[in-house]
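Heads up, the thing below is written out as structure tokens.
What follows is calculated from the coordinates using simple rules that are stated; it is not laboratory data. Computed from a predicted model, the values in this text were never measured in an experiment. Heads up, the Cβs are rebuilt from the backbone with ideal geometry, glycines too, and the neighbour counts pull from every protein chain shown.
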């Protein structure tokens, strides 16, 4: 798919247009850090399929904002629901969850810097923070 883009925060002269950033993502379910606000990372990712495993972030809340498309949000022991374009949802810390999408969707994630991609669950899609930074 070509050369991996060099990710640079907007504050450091990087791209600020999300419509230009999302097409640069070369893998699904592989978040990229696009900025930092205090102790929080702002990330983007594309999702399709059901590769995201059930996982928990015991010490952190996690915010999902749907930029394009829709996805299924599943919380353990609760009915699944659709998160549609323009909607957001905050998964409370300690809540087991997973996401899936029948068609490609784009989402913005806001989460503390300490948040592990798939919590303590290692899977084929799990990325380190260094990988999410584009290093």
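Under the shape rule built on the C-alpha gyration tensor, where the axes satisfy a ≥ b ≥ c, the stretch 14-132 is rounded, since a/c falls short of 1.5. Reported to the nearest whole Å, the Cα centre-to-centre distance from the stretch 52-76 to the stretch 32-46 is 15. With a cut-off of 11 Å, note down the residues of the stretch 94-135 whose backbone N falls inside the zone around a label point 7 Å from the Cα of residue 18 toward its beta carbon. Answer for this model: 106-110.
Normalised Debye scattering of the stretch 75-135 at q = 0.13, 0.21, 0.22 Å⁻¹ gives log10 I(q)/I(0) of -0.43, -1.17, -1.28, counting only Cα atoms as equal scatterers and leaving out solvent.
Rounded to the nearest 500 deg cm²/dmol, what is the calculated helix-only ellipticity per residue at 222 nm for the chain, with -39500 (n - 2.57) per DSSP H run of length n ≥ 4? Write down the numbers at each step before the final one.
Values: 2 runs with 8 residues, N = 135.
Value at 222 nm, helices only, nearest 500: -1000 deg cm²/dmol.
The alpha carbon gyration tensor of the stretch 38-98 gives principal lengths a ≥ b ≥ c with a/c of 1.5 or higher and a/b no greater than b/c, which makes the shape oblate. Can you give the FRET efficiency to the nearest 0.05 for residue 50 and residue 120, using r as the Cβ-Cβ distance and R₀ = 22 Å? Rounded to the nearest 0.05, the efficiency is 0.65.
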